[in-house]
Amino acid sequence: MKPDGLKFLRNSYLWQTISLWAFWTVMFVVQKPIFMVCYKGLFGNSSVVDWCRVCLHGFPLDISMAGYLTIVPLVLSLIAVWAPSKLLRKCCRVWLFLASVLVALTFLLNLVLYEYWGFPLDSTPLFYFFSSPSDAMASVGVGEIVLMVFLFCALSLIIYFGACWSFGLKRFCKRRKMLVAHQLWTTLLYILLGGLMFLGIRGGVTVSSMNTGKAYFSERQELNHAAVNPMFSLMESLLHESNFASQYRFLDDKEAAELFREMTESGEGVTEQLLTDERPDIYLLILESFSSKLMKTLGGNGVAQELDSLAKQGVLFTHFHANSFRTDRGLVSILSGYPAQPTMSLMKYPRKTATLPSIARSLKSAGYDVRYYYGGDADFTNMRSYLVAQGIDNIVSDVDFPMSERLSKWGVPDHLVFNRLLANEQLASSTSSGGQSAERKSRPVFRIVQTSSSHEPFDVPYHQLSDERLNAFAYADHCVGDFVKKLRASNRWQRSLVVIVPDHLGCYPPHISNYDFSRYEIPLILVGGVVKEPRTVDVVGSQQDLAATLLSQLGISHEEFLFSKDMLHSGTPHFAFFTVPDAFGIVSENGRLIFDNKSQKVVAGDSNDEALLKKGQAYLQKLYDDIEKR
């Protein structure tokens, strides 16, 4: 090429655009070793080869995301070739600033949140934050917030000035207009560059387009997570989360439907009756973050002494599993008998949650009076709209307590929530000889208590154990035991059923992997004056099965609960199903596995059990078919 040809290329902003694309790519690649250094406990034993493979396998996502961030400067540069203007420079400056802020924000959010959630950044934190910022930040201290704001501002400015320098923003639109021939040649080159950038964004010319699964390469999930570009992961989840009909297409429709039917239809048999009364007062206690590892009865450390005691007095389900990892998912599983999803929260879609089946509605139709107690913000994660749609229109939450009782970041401590329930039900003062009105005696009650104190930052008015996490669980356990003692002393005990279940998988011990089956093992306890006798139930089940099991004990139809099965029916298939981002697990009496949807591999359990894997895939596929129809 002649020297004047090189000169016109230099004057065309083409090299500046390529330089900016390279800058964004380098920024994303550098994030990976920084992430791994910050989590040296996870990656300390990783070899140099592992570190290089993380960067190599994450590179396609980095190239793709860099392409997205360079599209606007590319278009502005092309316009500047024909009509240079100061306005174009201003537009480019604004874009580079916004892009720098987004890169810094996604990197820091991924860095901070991975410790708590154990998966790359997606749209989940945005849903929690915008539904209730105060609750979303409740686990974070003031010092941490100040540090994060400082790091965010500093990193945003560093990235912004680097982007401006790499693009040569000061020189942008300051050159003289080129000859028409040069403009035409430059336009052609820009079209070629745009095509290359599009290929980088799409991930090539194959049928499969770019997705986070392309970064997965190892049996060690933490290496895969380090390779994922957090900004790409967030964008992917925002764009795809509502396209339910196209997600999780593992099997053809006929095969999936047949496998799903086998998993959900009960054969011949009978339901074992555990209760002496079909219309007891029901107290459903949903415990924040509890785990089987807290109960000595289930092989744990024995911190939950009250639950251990109650398990021996009532019915304990010994192979019960959590369905998900967050409260909004767990509540839907418990109250609607509806499984949680791997990549989204159904509570985000009030139109769809309004169509879900409901334990509360079923009980109201049977004559029950329903009330919900929660010490936190009932508007967090759209919870109020979901509860109201469930037929629960009497909700007691943090705003119903005086400010003097909102003592923690999550609102009102558990013992005060239980005290409000006791006072409202006149249980604290009633005796076996009376204390209840005729209306109360004739109309059964359904009371739901959702606890919150055993949640980070584990700030509780109770100081018995040095470990703050275990101390918070001991406090919540004490509150449950105290409530049951007072209920037992009242005249309501003989017609009461207390159902105790955690809201989701346990957060003890800390830092347990999402691919450890024991993390999903939680207690389910039924205790009260209507329980025939103490015993254990050893069948496999999970949270969405509580609805059908409870309603069956009461002689109430549960046909509308498509995904919930009666665990006490002798002809029911016994299995547990659970999800975490972006994976599902299934446990049967004969095997268990966890399947990662990104890598399309079994990452834990019986990797050679193809029949069990197909059942799990069919179950998830039919779940998304059902969501699409709602």
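By how many degrees, between 0 and 90 and to the nearest 10, does the Cα long axis of helix 253-264 differ from the longest principal axis of the chain?
That helix lies at roughly 30 degrees to the long axis.
Over region 453-553, with the other protein chains present, what is the accessible area per residue in square angstrom, probe 1.4 angstrom?
Result: 33 Å² of accessible area for each residue.
Go from 0 up to the bin containing the longest alpha carbon distance in region 28-83, width 5 Å each, and give me the % of pairs per bin.
Final binned percentages: 4, 16, 19, 16, 11, 9, 8, 7, 5, 3, 1, 0.
Could you please state how large a percent of the accessible area of region 303-424 is carbon and sulfur, counting protein chains only and using a 1.4 Å probe?
Solvent-exposed carbon and sulfur of region 303-424 make up 51 percent of the total.
Using the scaling law 2.2 N^0.38 Å as the reference, what is the normalised Cα Rg of region 453-542?
My calculation over the Cα atoms of region 453-542 gives 1.29.
Could you pull out every residue, at least 5 positions away or on a different chain, whose amide H is within less than 5 Å of the one on Val449? Hs are placed 1.01 Å off N in the peptide plane, and Pro or chain starts have none.
Here the answer is Leu284, Leu285, Ile286, Tyr373, since their amide H atoms fall under 5 Å of that of Val449.
I'm checking a number: the convex hull volume of the Cα atoms of region 185-236, normalised per residue, in Å³. What is it?
Spelled out: Cα convex hull of region 185-236, divided by residues, is 97 Å³.
To two decimal places, what compactness ratio does region 205-363 give when its Cα radius of gyration is scaled by 2.2 N^0.38 Å?
Ratio of Cα Rg to 2.2 N^0.38 Å: 1.38.
Two decimals is fine: what is log10 I(q)/I(0) at q = 0.17, 0.18, 0.19, 0.20 Å⁻¹ for region 494-630, from a Debye sum with one equal scatterer on every Cα and no solvent?
The Debye formula, applied to the Cα set alone, gives -1.05, -1.15, -1.25, -1.33.
On the protein heavy atoms, probe 1.4 angstrom, tell me the percent of accessible surface of region 210-277 carried by carbon and sulfur.
For region 210-277, the apolar C and S fraction of the accessible surface comes to 50 percent.
Just the accessible area for Ser309, please: 1.4 Å probe, Å², rounded to the nearest 10?
Accessible surface of Ser309 is approximately 50 Å².
For Cys91, Cys55, give me the order by solvent-accessible area with a 1.4 Å probe, most accessible first, ignoring ligands, DNA and RNA.
Cys91, Cys55
What figure, in Å² to the nearest 10, do you get for the accessible area of Met36 with a 1.4 Å probe and non-protein molecules left out?
About 0 Å², rounded to the nearest 10.
Highest mean first, how do 408-420, 568-580, 530-542 rank when packing is the count of other Cβ atoms within 10 Å averaged over residues?
Top of the packing list down: 408-420, 568-580, 530-542.
Determine the share of region 500-630's accessible area contributed by carbon and sulfur atoms, expressed in whole percent, with a 1.4 angstrom probe.
43 percent
Once R0 is set to 30 Å, what does the formula 1/(1 + (r/R0)^6) return for the Cβ-Cβ distance between Asp482 and Ser404, expressed as a FRET efficiency to the nearest 0.05?
Calculated value: 0.90.
Using only alpha carbon pairs under 8 Å that are at least six residues apart, calculate the relative contact order of region 318-389 and give it in whole percent.
27 percent
Take the Cβ-Cβ distance between Ser607 and Ser85 as r, set R0 to 56 Å, and report the resulting FRET efficiency rounded to the nearest 0.05.
Efficiency, from the Cβ-Cβ distance: 0.40.
Helix 180-202 versus the longest principal axis of the chain: what angle, 0 to 90°, nearest 10, using Cα atoms?
30 degrees
I'd like the accessible area for Glu262, computed on protein heavy atoms only with a 1.4 Å probe and all protein chains in place. Round to 10 Å², please.
90 Å²
Sort 194-201, 57-64, 331-338, 513-520 for me by packing, meaning the mean count of neighbouring Cβ atoms within 10 Å per residue, highest on top.
331-338, 57-64, 513-520, 194-201
Hey, what angle do you get for helix 48-82 against the long axis of the chain, alpha-carbon based, 0 to 90 degrees rounded to 10?
60 degrees
Sorted from largest down, what three extents in whole angstroms do the Cα atoms of region 301-459 have along their principal axes?
Projected onto its principal axes, the Cα set of region 301-459 covers 52, 41, 40 Å.
Students often get this wrong, so check it: of Lys293/Lys485; Lys352/Lys622; Lys601/Lys622; Lys312/Lys485, which have C-alpha atoms separated by over 18 Å?
Beyond 18 Å: Lys293/Lys485; Lys601/Lys622.
Compute for the chain: radius of gyration divided by Kirkwood radius, i.e. Rg/Rh, restricted to C-alpha atoms, rounded to two decimals.
Using Cα coordinates only, the ratio equals 1.05.
Return the equivalent ellipsoid semi-axes of region 146-284 as a descending list in whole Å, where each equals the square root of 5 times an eigenvalue of the C-alpha gyration tensor.
Sorted largest first and rounded, they come to 55, 26, 15 Å.
I need the semi-axes of the equivalent ellipsoid of region 267-329: take the C-alpha gyration tensor, multiply each eigenvalue by 5, square-root it, list largest first in whole angstrom.
The equivalent ellipsoid of region 267-329 has semi-axes of 24, 17, 14 Å.
Using the Cα atoms of region 298-350 to build a convex hull, what is its mean projected area in square nanometres?
With every direction weighted equally, the projected area is 5.0 nm².
For region 19-120, build the convex hull from the C-alpha positions and give me its volume per residue in Å³.
94 Å³
In Å², what does the accessible area per residue of region 259-321 work out to with a 1.4 Å probe?
41 Å²
Write down the percent of antiparallel bridges among all DSSP beta bridges whose residues are both part of the chain, to the nearest 5.
Expressed as a percentage, antiparallel bridges in the chain total about 50.
Tally Lys/Arg at +1 and Asp/Glu at -1 over every other residue whose Cβ is under 9 Å from the Cβ of His319; what's the total?
-3
Per DSSP H run of at least 4 residues, take -39500 (n - 2.57); add these up for the chain, divide by its residues and hand me the 222 nm value, nearest 500 deg cm²/dmol.
Calculated at 222 nm, the ellipticity per residue is -15000 deg cm²/dmol.
Which lysines, on any chain, are close to Lys170 with Cα under 25 Å apart, when same-chain ones fewer than 8 places away are left out?
Result set, ordered by chain and number: Lys7, Lys86, Lys90.
Using the Kirkwood radius over C-alpha pairs as Rh, can you work out the diffusion coefficient of region 358-406 via Stokes-Einstein at 4 °C, viscosity 1.567 mPa s, in µm² per second?
112 µm²/s
Provide Rg and Dmax in Å for region 373-521, with only Cα atoms included in the calculation.
Both quantities, over Cα of region 373-521: 16.9, 53 Å.
The values are calculated or read from the model by the stated rules, or taken from the named source; none is laboratory data. Since this is a predicted model, take the numbers as computed values, not measurements. FYI the Cβ positions are ideal-geometry reconstructions off the backbone, even for glycines, and counts take in every protein chain you see. Side chains included, ligands, DNA and RNA excluded: accessible areas come from the protein's heavy atoms. Shrake-Rupley method; radii C 1.70, N 1.55, O 1.52, S 1.80 Å.
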